[in-house]
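The values are calculated or read from the model by the stated rules, or taken from the named source; none is laboratory data. Keep in mind that what you see is a predicted model, and the values were worked out from it rather than measured. Ideal geometry is used to build each Cβ from the backbone, glycine not excepted, and the neighbour counts take in all protein chains shown. Calculation scope for accessible area: heavy atoms of the full protein, side chains included, ligands and nucleic acids excluded. Shrake-Rupley method; radii C 1.70, N 1.55, O 1.52, S 1.80 Å.
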Amino acid sequence: MVKKKNISKNDMISFYMDYVLEHNKRPNSVHAFANHNNFEEPKFYEYFGGFDAIEKGIFKAFFDNTLMALEKSKDYSSFESRNKLLSFYFTFFENLTANRSYVIYALEKHKNTLKTYSLLSELKTAFSNYIKDLEIELIDTKQERLERIKNKGLQETAWLQLVLTIKFWMNDSSPSFEKTDILIEKSVNASFDVLNIVPLKSVIDLGKFLFKEKTQMG
């Protein structure tokens, strides 16, 4: 049988996700994985150095596909940072939902350590750069060193918020994951309200929602 030659990076990712979901484990080797999908082994290494790399690349691909979809929108570029981040969240979680079986497989055993889980390292770097590029307006400290600390803190806080939302989504059993959508809207709005020093009604609203959901899930 003639081996497949025109295989893209996304094709390779799809092959890998399908394999682990069908077999509930990694392939035994790259050679076995290539044979299973009828392509030459060197083709795999054009995109990834090994299975650890492709697994990290999958979550980075979710980010890349999200950003690609957003940038195709005529309206997205005109949004202020709050609405850009809301759009990112909703689109990103649509991508996760479309691949929920794999995401649950990959993350279920590590739910309590997602913030520092190496599998998400490429996603974290890409998302942190995205937050930086949003140029979210913060309180002006007028000191360069404090500005660097403040911006780093914003990126870390934003990453923690994304991780907590992923964990919530993994446990969400509501139709169409509508409770995750509610959490996204409340948490992003609360974050921006705190940054802008406005009345904390939305923060209190978020707290009530999370307390209610934790009680129900517990």
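Is it true that some residue in the stretch 12-19 is surrounded by fewer than 16 Cβ atoms within 10 Å (Cβ to Cβ), in a helix (DSSP H, G or I) and in contact (Cβ under 8 Å) with a residue 40 or more places away in the chain?
Scanning the stretch 12-19, I find no residue that is surrounded by fewer than 16 Cβ atoms within 10 Å (Cβ to Cβ), in a helix (DSSP H, G or I) and in contact (Cβ under 8 Å) with a residue 40 or more places away in the chain, so the answer is no.
Do any residues in the stretch 32-52 that are hydrophobic (A, V, I, L, M, F, W, C) have Cβ atoms under 6 Å from those of residues that are assigned to a loop (DSSP other than H, G, I, E, B) and open to solvent by less than 70 Å² (accessible area, probe 1.4 Å), where the two are at least six apart or on different chains, and which pairs are they?
Phe33/Pro27; Phe39/Lys3; Phe39/Ile7
Residues of the stretch 111-122 being under 14 Å from Trp159 (Cβ atoms) and at pLDDT below 90, which ones?
Residues satisfying the conditions are Thr113, Leu114, Lys115, Thr116, Tyr117.
Can you pull out every residue in the stretch 99-128 that is open to solvent by 60 Å² or more (accessible area, probe 1.4 Å) and within 13 Å of the chain's Cα centre (by Cα)?
Correct list: Lys115, Glu122, Thr125.
Could you check the stretch 28-55 and list, in sequence order, the residues that are out of contact with any Lys or Arg (no Cβ under 6 Å at 6 or more places or on another chain), assigned to a helix (DSSP H, G or I), closer than 27 Å to Ile104 by Cα and open to solvent by less than 60 Å² (accessible area, probe 1.4 Å)?
Filtering the stretch 28-55 down to residues out of contact with any Lys or Arg (no Cβ under 6 Å at 6 or more places or on another chain) leaves 28-37, 41-46, 48-50, 52-55.
This time we only want the ones that are assigned to a helix (DSSP H, G or I), so: 30-36, 41-45, 52-55.
Restricting the remaining residues to those that are closer than 27 Å to Ile104 by Cα gives 30-36, 44-45, 52-55.
If the condition is that a residue be out of contact with any Lys or Arg (no Cβ under 6 Å at 6 or more places or on another chain), assigned to a helix (DSSP H, G or I), closer than 27 Å to Ile104 by Cα and open to solvent by less than 60 Å² (accessible area, probe 1.4 Å), then Val30, Ala32, Phe33, Ala34, Phe44, Ala53, Ile54, Glu55 are the ones that fit.
Against the definition (at pLDDT below 95 and out of contact with any helix residue (DSSP H, G or I) (no Cβ under 8 Å at 6 or more places or on another chain)), how does Glu108 come out, yes or no? Give the derivation first.
Working: at pLDDT below 95: yes; out of contact with any helix residue (DSSP H, G or I) (no Cβ under 8 Å at 6 or more places or on another chain): no.
In short, no.
If a residue must be under 20 Å from Ile184 (Cα atoms) and either in contact with a strand residue (DSSP E or B) (Cβ under 8 Å, 6 or more places away or on another chain) or in a helix (DSSP H, G or I) (or both), how many such residues does the stretch 61-93 contain?
Of the residues in the stretch 61-93, 22 are under 20 Å from Ile184 (Cα atoms) and either in contact with a strand residue (DSSP E or B) (Cβ under 8 Å, 6 or more places away or on another chain) or in a helix (DSSP H, G or I) (or both).
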